Structures are given as structure tokens and as C-alpha cells.
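One structure is given below, encoded as C-alpha cells.
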Amino acid sequence: MGCGTVRYRGAVFDLDGVLVDTSKFHYLAWKELAEKLGFEFTPGQNERLKGVSRMESLDLLLRAGGLQGRFSQREKERLAAWKNRRYVERVRRMDASDLLDGAEDLLRTLRGAGVKTALGSASKNAPLVLRVTGILPLFDAVVDGNRITRAKPDPQVFLLGAAALGLA
């Protein structure tokens, strides 16, 4: 029995930790917010925020600073928006050198082989990251946090990415 060649029709990629690493930008923005609120926020505390929504992250940050229950929902939304602005300021300064090793080469290889590619990221800032790093044209579809209703580990973002490629 011979081995055949597998033909891939599509690939769906996550963003953070796969193509780029923006975790340092998130940490610095959360750290700035904590300092603004009068307490220190450590890298160890930041580990608990990974994979958690912005509002859940804010609740964890406020708890770390002993400030839980002190802000209305509206005030918390303002704090989260402030943090996001600080994060986006850093992301806007990214470029192709911020791509993880081999990420762009892999995307170009897949493109050259006719394999469709989609991004499936819970980040609402994913299109900006793709633009500033120069890899947006390497994707046939982008599904980001603005289009999903369920956060990871739910596979919704990846299933929508596959559907956008006509593969689901």
C-alpha cells in the first residue's frame, strides 16, 4: 500500500502565540492601568489574564489590587477602553519584525500551494495586527472577536474561519 500526498484545502490560524506575540503589550497596558489605580501589577498576576476576555481580565486586575466592587459597570467599561487604547498604541508600532519566526514564510508557502487561509482570533484588534505586520493580504478570510459570541476554548472562532473559506 503506497502513501499518497495529502492535499490541504485550507488552514485556520490563531493570532497571538501563533503568528505574533502581543502578550507583552497587554501586560504593559494592564500594568499602566494598575499604576493609574494606585497598585502594582506583576507578571505573575498577568498570567491569570491569558485567554480571558477584556472585562474578565479587568475584574481579575481589580481583585488583585483590592478594588473589586468599587466601580460601576459603566466605570469598568471606561477602564477597559482606556487599557485597550494603551494596548492599541503599542500595536500600531508593530511591524513585520514582530512576526514569530517562520510565520510569514508558512503563510506564503500555503498561498503558493493554493491553500486557503483564514485567521480565527478572539482579539478584536486582530485586523490591525495583520495590517501593521504586513500579512493581511495573505489571508482569504479574517474572523475576529467582533464576529464571535463565544470565547475560547469554544471552537466558534475557528469554525467560522473554516466556514468563511467554504470548508465547513
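Here, each number is a calculation from the coordinates, and none is a lab measurement. What you see is a predicted model, and the numbers here were worked out from it, not measured in a lab. Cβ placement follows ideal geometry from the backbone for every residue including glycine, while neighbour counts extend to all protein chains displayed.
Rounded, prolate or oblate for region 65-134? Axes are the square roots of the Cα gyration tensor eigenvalues, ordered a ≥ b ≥ c, and the cut-off for rounded is a/c under 1.5.
Judged from the Cα gyration tensor, region 65-134 comes out prolate (a/c at least 1.5, a/b above b/c).
If we count other beta carbons within 10 Å of each Cβ, what is the order of M94, M55, fewest first?
Values: M94 18, M55 13.
In increasing order of surrounding Cβ atoms, one gets M55, M94.
Report, as a whole number in µm² per second, the diffusion coefficient that Stokes-Einstein gives for the chain at 37 °C and 0.692 mPa s using the Kirkwood radius over alpha carbon pairs.
188
So between A81 and N146, what do we pick up on full extension, going 0.36 nm a residue minus the alpha carbon distance? It would help to have the intermediate numbers written out before the result.
On the way: separation 65, 0.36 × 65 = 23.40 nm, distance 1.48 nm.
Stretched fully, the A81-N146 segment lengthens by 21.9 nm.
For region 37-53, what does the Karplus curve 6.51 cos²θ - 1.76 cosθ + 1.60, with θ = phi - 60°, yield as ³J(HN,Hα) per residue in whole Hz, taken in order and with x for Gly and Pro?
Karplus values, whole Hz, x for Gly and Pro: 8, x, 9, 8, 10, 9, x, x, 5, 4, 4, 6, 8, 5, x, 10, 4.
Output ³J(HN,Hα) for region 15-30: one whole-Hz value per residue in order, computed from phi by the Karplus curve 6.51 cos²θ - 1.76 cosθ + 1.60 with θ = phi - 60°, and x for Gly and Pro.
9, 5, x, 10, 9, 9, 10, 9, 4, 5, 6, 4, 4, 4, 5, 5
Would you please classify the overall shape of region 85-168 from the alpha carbon gyration tensor, given that a ≥ b ≥ c denote the square roots of the eigenvalues, rounded means a/c under 1.5, and beyond that prolate means a/b larger than b/c while oblate covers the rest?
Oblate shape, in that a/c is at least 1.5 and b/c is the bigger or equal ratio.
Counting helices only, and only those DSSP H runs with n ≥ 4, report the 222 nm mean residue ellipticity of the chain as the sum of -39,500 (n - 2.57) divided by its residues, in deg cm²/dmol to the nearest 500. The partial results should precede the final answer.
Details: 7 runs with 77 residues, N = 168.
Value at 222 nm, helices only, nearest 500: -14000 deg cm²/dmol.
Quick one: which residues, 5+ away or cross-chain, put their amide H under 5 Å from the amide H of L119? H built at 1.01 Å from N.
F13, A141, V142, V143
Whole-Hz ³J(HN,Hα) for each residue in region 56-61, computed from phi via Karplus 6.51 cos²θ - 1.76 cosθ + 1.60 with θ = phi - 60°, x for glycine and proline: what do you get?
So the Karplus estimates, Gly and Pro as x, are 5, 4, 4, 4, 5, 5 Hz.
Scaled to the compact-protein estimate 2.2 N^0.38 Å, what is the alpha-carbon radius of gyration of region 23-91, rounded to two decimal places?
Details: Rg = 10.8 Å, N = 69, 2.2 N^0.38 = 11.0 Å.
My calculation over the Cα atoms of region 23-91 gives 0.98.
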